[in-house]
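S.K.: Structure in structure tokens, see below.
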Amino acid sequence: MVATKNVALVVGSSRGIGRQIAIDLAKNGYAVVVAAKTTSNAYETVPFPPDPNSSHSTINTVEREIRESGGEASALPVDVRDVTQVENLVHESARIYGKLDVLVYNSGAIWWSSVEKTPVKRFQLMQKVNPEGLYACVQAALPVFAKNEWKGRVIVVSPPIYSRFFRGKTAYAMGKVGMSVLTKGLAMDFVRQGRKEMAITSIWPATAIESAATEMTPSNEDKSNLRRATIFSDAILGMLNAPAESVNGLLELDEDFLRKYYGVSNFSKYSVIPGTSPRRMMPKELPTLTVAEQDDEGTRLDSTALRQTKL
């Protein structure tokens, strides 16, 4: 067990955005557990470091990058579709570093097409990796946060909820919006349970970010419309440094968060091609999900309690 001030588990951090999150957390004093499926012998990777958006970037190369920069990291493989592997990942992370302060869930499976052209197996894969993988990670992490006196943060890569997001990718949206529902619901649990130092926050890019996903698009994405992944990691660091109550339950965009909470107005440093202004892909304004009767729960049911009374 290593005594460390801050410990972050980044699930889905072998390349792209997840890699950048892990790298920047380490630069900011976190011991980082780099977790994903892809592994390799980092010391046989040539050239090093590899293209961060290529298959040559793995949890092992990211671990090596962090360590060679003076940071602290451990690479642990996981298939988030396997609940037992997820549980072992969280337990091993806590065993290595003695605690867990931050869980970042960046794993994701993508298939953008109509319902007609999305096979059931593809749909099931996305649900396994996206909402189910997140749920398994949260379930495994909550007891670890409890041992840390309920001090911790969860960051989820999922979008604000609005109808245009469903168009042309309904099956994908069902899972990603489900992840955002978990953010809203767990945030309410934290408030109801009086866990004032716990927060769960969702983050999504306002503008397309250079990643493995954009490089796989048919047009290879016009790089003048891309931002660097550092905007995403900067926003996450801002969320982690903000008071828990101010970010608990937020479904926020990277650019908007940095503007509203940190006063950032110039985002030019994040453009992949200097001097360009990448096109914003998200709406300027998003709907609120609250209703006038927000606090009226009626008769609250607890299936756990109901089941116990029947035993």
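S.K.: Filter the stretch 142-183 down to the residues that are in contact (Cβ under 8 Å) with a residue 60 or more places away in the chain and surrounded by fewer than 16 Cβ atoms within 10 Å (Cβ to Cβ), then identify the one that is farthest from Val10 (Cα to Cα).
M.R.: In this case the residue turns out to be Arg164.
S.K.: Tally the residues that are in contact with a helix residue (DSSP H, G or I) (Cβ under 6 Å, 6 or more places away or on another chain) and aliphatic (A, V, I, L, M), restricting the search to the stretch 52-66.
M.R.: Number satisfying all stated conditions: 2.
S.K.: For the stretch 218-311, please list each of the helices (runs of 4 or more DSSP H) lying entirely inside it that holds at least 1 residues being free of Cβ contacts under 8 Å to residues at least 24 places away in the same chain and surrounded by fewer than 10 Cβ atoms within 10 Å (Cβ to Cβ).
M.R.: 303-310
S.K.: Within the stretch 68-119, how many residues are more than 22 Å from Thr58 (Cβ to Cβ) and of a type in the set (Phe, Trp, Tyr)?
M.R.: Matching residues across the stretch 68-119 total 2.
S.K.: From the set of residues in the stretch 99-129 that are farther than 30 Å from Gly238 by Cα and among the hydroxyl-bearing types (Ser, Thr, Tyr), which is surrounded by the most Cβ atoms within 10 Å (Cβ to Cβ)?
M.R.: So the residue we want is Thr118.
S.K.: Then there's this: Kindly indicate whether Ile23 is under 21 Å from Val129 (Cα atoms), surrounded by 24 or more Cβ atoms within 10 Å (Cβ to Cβ) and among the aliphatic types (A, V, I, L, M).
M.R.: Against the criterion (under 21 Å from Val129 (Cα atoms), surrounded by 24 or more Cβ atoms within 10 Å (Cβ to Cβ) and among the aliphatic types (A, V, I, L, M)), Ile23 does not qualify.
S.K.: Still on this model: Quick one: in the stretch 152-182, of everything that is more than 14 Å from Leu253 (Cα to Cα) and among the hydroxyl-bearing types (Ser, Thr, Tyr), which residue is modelled with the lowest pLDDT?
M.R.: Residue satisfying both the conditions and the ranking: Ser163.
The values are calculated or read from the model by the stated rules, or taken from the named source; none is laboratory data. This is a predicted model, so every value here is computed, not measured. Cβ atoms come from the backbone with ideal geometry, glycine included; neighbour counts cover every protein chain shown.
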